[in-house]
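Notes follow the structure.
The values are calculated or read from the model by the stated rules, or taken from the named source; none is laboratory data. Since we're looking at a predicted model, the values are computed, not measured. Neighbour counts are summed over all protein chains in view; Cβ atoms, including those assigned to glycine, are modelled from backbone coordinates with ideal geometry. The protein model used for the area step is the full one, side chains on, heavy atoms only, and it has no ligands, DNA or RNA in it. Shrake-Rupley method; radii C 1.70, N 1.55, O 1.52, S 1.80 Å.
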Amino acid sequence: AKEGGGKGYHFYSPEMNLKAHARMEMETNLRHALEREEFFLEFQPIVNARDGRLVGAEALLRWSDPEKGLIMPDMFIQVAEESGFIVPLGEWVLRTACRKMKDWREAGLPPFRISVNVSGRQFCQANFTDTVCSIIRETGMDPSFLALEMTETSLMVDVEATAKALMQLKELDISIVIDDFGAGYSSLGYLQKFPIDRIKIDRSFIRDLSSHANDKAIVEAIIAMAARLKLQVVAEGVETSEQLDFLKEQGCHEIQGFYFHRPLSEELFKTLLWEIKDH
Ligand code: C2E
Ligand code: CA
Ligand code: CA
Ligand code: CA
């Protein structure tokens with residue numbers, strides 16, 4: 001590696017080389033992992049705030065590496081996004097979630113909404129809605145049970161294209177959720193412009209609800225605004241009964257968080273669904 005000049009900076013240091021190298025290695029590993037079927041999904045239930053009944057579940061990606069063991073998405077989603085690999089990977093997630101949903105419904109399990117995360121890079125693909133459309137056709141899943149979670153930032157990349165794509169998804173009867181609401185983009189105008197069904201309040205606001213008066217005010221304001229705009233509100237990251245009580249009091253519709261359920265393996269999730277059915 002090249003040594004820097006007298007000013008104390010380096011054009012590239014051994015450290016940066018390592019990072020770039022590690023990144024490239026990760027990209028290769030991700031590609032292999034998809035071929036070798038090392039990815040799988042967990043399902044975290046989303047419940048009705050009033051009675052705790054299951055209304056949905058979020059599909060969450062996991063990577064089981066034969067050597068390194070379980071790898072969580074925070075470790076690889078960003079690299080996948082930057083390299084573009086998130087496009088085939090995200091497609092795999094969507095297809096897998098739709099297939100499972102179809103199987104569960106056919107097995108007689110009760111209906112619920114399945115939420116799938118869509119990254120900005122994926123959503124920006126010109127053929128994104130076509131891909132969704134063909135996955136729905138191919139799997140035979142009822143699209144009215146499908147929700148796509150997108151962040152504010154990814155919707156704002158190209159407002160015109162977003163509006164068009166979201167309209168097409170609505171026509172398919174798919175619902176749209178704004179993920180990590182409040183954490184990203186600072187304008188709210190788009191809430192009226194786009195056909196959005198639901199906003200999911202970012203976990204960071206929920207986490208500090210009891211200690212930060214400001215977070216209480218923000219959550220209260222988000223829920224009130226959503227009510228005026230006739231949007232459903234989900235709170236994620238709910239871990240305590242205090243958080244739950246506050247959210248219920250404010251009129252939050254749905255809850256996702258460890259207080260009710262952690263992300264579950266497919267087996268455990270199916271057991272939960274059978275229990276619900278048998279009650
Ligand atoms: P996210 O979309 O905000 O997903 C929710 C994350 O919050 C999940 O982490 C979930 O396990 C965690 N969580 C839920 N309830 C609680 C709680 O009560 N307390 C705490 N501390 N955490 C809670 P996970 O599974 O590690 O996923 C992290 C992020 O990775 C996701 O954040 C999402 O941005 C991304 N991700 C996961 N799966 C996919 C995928 O299939 N596609 C894409 N593009 N991104 C994904
Ligand atoms: Ca999400
Ligand atoms: Ca989220
Ligand atoms: Ca998040």
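For segment 82-110, enumerate the residues that are open to solvent by 50 Å² or more (accessible area, probe 1.4 Å) and at pLDDT below 95.
Quick first cut of segment 82-110, residues open to solvent by 50 Å² or more (accessible area, probe 1.4 Å) only: 82, 88, 91-92, 95, 99-100, 102-103, 105-107.
The answer is 82, and nothing else.
Being of a type in the set (Gly, Ala, Ser) and under 18 Å from the mean Cα position of the chain (by Cα) narrows it down to one residue among 189, 237; which is it? Working first, answer last.
Details: 189 fails: under 18 Å from the mean Cα position of the chain (by Cα).
Exactly one residue qualifies, and that residue is 237.
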Within segment 223-237, considering residues that are closer than 19 Å to residue 204 by Cα and open to solvent by less than 40 Å² (accessible area, probe 1.4 Å), the one farthest from ligand 2 (Cβ to nearest atom): 223
Search result, residues across segment 58-75 that are out of contact with any helix residue (DSSP H, G or I) (no Cβ under 6 Å at 6 or more places or on another chain) and closer than 15 Å to residue 117 by Cα: 58, 60, 62, 72, 73, 74
Condition check for residue 115: within 16 Å of ligand 2 (Cβ to nearest atom), touching a residue at least 40 places away in the same chain (Cβ under 8 Å) and either surrounded by 15 or more Cβ atoms within 10 Å (Cβ to Cβ) or not in a loop (DSSP other than H, G, I, E, B) (or both): yes
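Based on this model, can you work out whether residue 194 counts as of a type in the set (Phe, Trp, Tyr), in contact with a strand residue (DSSP E or B) (Cβ under 7 Å, 6 or more places away or on another chain) and away from ligand 2 (no atom under 16 Å from the Cβ)? Steps first, please.
Working: of a type in the set (Phe, Trp, Tyr): yes; in contact with a strand residue (DSSP E or B) (Cβ under 7 Å, 6 or more places away or on another chain): no; away from ligand 2 (no atom under 16 Å from the Cβ): yes.
No: the conditions fail for residue 194.
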Where a residue in segment 238-251 is more than 13 Å from residue 48 (Cα to Cα) and within 16 Å of ligand 4 (Cβ to nearest atom) and its partner, wherever it lies, is part of a helix (DSSP H, G or I) and open to solvent by 80 Å² or more (accessible area, probe 1.4 Å), with Cβ under 9 Å and at least six apart: 239/207
Filtered residue count, segment 59-81, keeping only those that are farther than 26 Å from residue 272 by Cα, open to solvent by less than 30 Å² (accessible area, probe 1.4 Å) and of a type in the set (A, V, I, L, M): 2
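Kindly provide the set of residues from segment 81-98 that are over 26 Å from residue 113 (Cα atoms) and of a type in the set (A, V, I, L, M, F, W, C), ordered by number.
Applying the first criterion (over 26 Å from residue 113 (Cα atoms)) to segment 81-98 yields 82-85.
Correct list: 85 only.
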Residue that is buried (at least 21 other Cβ atoms within 10 Å of the Cβ) and among the small types (Gly, Ala, Ser), where the choices are 52, 56: 56
Close pairs (7 angstrom Cβ cut-off, 6 or more residues apart or separate chains): within 16 Å of ligand 4 (Cβ to nearest atom) in segment 195-223, β-branched (Val, Ile, Thr) and assigned to a helix (DSSP H, G or I) anywhere: 201/219; 201/222; 205/218; 205/219
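Is it fair to say residue 179 is within 15 Å of ligand 3 (Cβ to nearest atom) and touching an Asp or Glu at 6+ places or on another chain (Cβ under 7 Å)? Talk me through it step by step, then tell me what you get.
Details: within 15 Å of ligand 3 (Cβ to nearest atom): yes; touching an Asp or Glu at 6+ places or on another chain (Cβ under 7 Å): yes.
Taking the combined requirement at face value, the residue satisfies it.
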Failed criterion for residue 104 (all others in (1) within 16 Å of ligand 1 (Cβ to nearest atom); (2) over 20 Å from the mean Cα position of the chain (by Cα); (3) of a type in the set (Phe, Trp, Tyr) hold): (1)
Test: residue in segment 154-166 that is within 16 Å of ligand 4 (Cβ to nearest atom), within 26 Å of residue 99 (Cβ to Cβ), in contact (Cβ under 8 Å) with a residue 40 or more places away in the chain and under 17 Å from the mean Cα position of the chain (by Cα): no
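Hand me the list of helices (runs of 4 or more DSSP H) wholly inside segment 143-218 holding 3 or more residues that are open to solvent by 40 Å² or more (accessible area, probe 1.4 Å) and over 24 Å from residue 49 (Cα atoms). Write out each step before concluding.
Values: elements: 152-155, 159-171, 190-193, 203-207.
Filter on segment 143-218 gives 159-171.
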Hits in segment 238-279 (condition: part of a loop (DSSP other than H, G, I, E, B), open to solvent by 70 Å² or more (accessible area, probe 1.4 Å) and over 29 Å from residue 106 (Cβ atoms)): 239, 258, 259
